[in-house]
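Here the structure is laid out as structure tokens; the discussion comes afterwards.
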Amino acid sequence: MSKEIDLQLSELAEGAIQEKLDGELQKVFQNIHDPNTPAEAKRVVTIKLEFKPDGTRQVIAVSSDFTTKLAPVEGVSTTVLTGKDLSTGKVEAHELRSAVPGQTYLDPEDGQPKTDIGEPIDVIEKEEAKRQQVIDLQKKRG
């Protein structure tokens with residue numbers, strides 16, 4: 001028994017519609033596995049088939065359009081410390097890495113103590129030592 005309407009979606013336009021659907025499904029599944037999107041959000045693929053008959057109503061042009069609605073990428077926030085360097089007059093901005101401004105922390109990646117903006121403390125101490133250059137007046141001259 002044959003079908004009265006024999007149009008297979010996978011065979012329309014020499015398989016181009018199915019190929020386009022496969023591409024849209026790939027986008028959906030990539031979005032589902034993106035850790036920056038809400039896991040349980042709905043994703044939607046809409047296939048619109050438009051039929052435009054000619055004047056005799058016997059020849060029909062079929063066009064397809066795909067609309068894909070993906071889950072939005074969740075925003076990420078951070079805290080930035082900003083101020084003016086009094087020695088240079090330049091405005092600076094750095095991301096706050098510790099929980100509180102001015103607080104040091106141990107970097108989980110390398111275990112080193114760092115400032116609130118992620119600078120290694122030993123580097124800052126060396127820079128401070130160079131700047132201070134304490135003069136030892138009791139040192140004997142040779």
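Couple of notes before you dig in:
- The residue that is surrounded by the most Cβ atoms within 10 Å (Cβ to Cβ), among those in the range 29-58 that are part of a loop (DSSP other than H, G, I, E, B) and over 34 Å from the mean Cα position of the chain (by Cα), is D54.
- Total residues in the range 85-94, condition charged (D, E, K, R) and at pLDDT 90 or above: 1
- Yes/no for T78 being in a strand (DSSP E or B), exposed (fewer than 13 other Cβ atoms within 10 Å of the Cβ) and within 27 Å of the chain's Cα centre (by Cα): no
- Test: residue in the range 94-104 that is within 30 Å of E24 (Cα to Cα) and either basic (K, R) or surrounded by 10 or more Cβ atoms within 10 Å (Cβ to Cβ) (or both): no
- Every residue from the range 110-136 that is of a type in the set (D, E) and over 17 Å from T78 (Cβ atoms): D110, D122, E125, E127, E128, D136
- Here A71, A99 are screened, and the one residue that is of a type in the set (A, V, I, L, M, F, W, C), in contact (Cβ under 8 Å) with a residue 40 or more places away in the chain and in a loop (DSSP other than H, G, I, E, B) is A71.
- Of the residues making up the range 105-142, those that are among the β-branched types (V, I, T) and surrounded by 12 or more Cβ atoms within 10 Å (Cβ to Cβ) are T115, I117, I121, V123, I124.
- Some residue of the range 67-77 being of a type in the set (A, V, I, L, M, F, W, C), under 30 Å from K114 (Cβ atoms) and touching a Gly at 6+ places or on another chain (Cβ under 8 Å): no
The values are calculated or read from the model by the stated rules, or taken from the named source; none is laboratory data. A quick note: this is a predicted structure, and the numbers were derived from the prediction, not measured. Don't worry about glycine lacking a Cβ; one is built from the backbone with ideal geometry, like all the others, and counts go over all protein chains shown.
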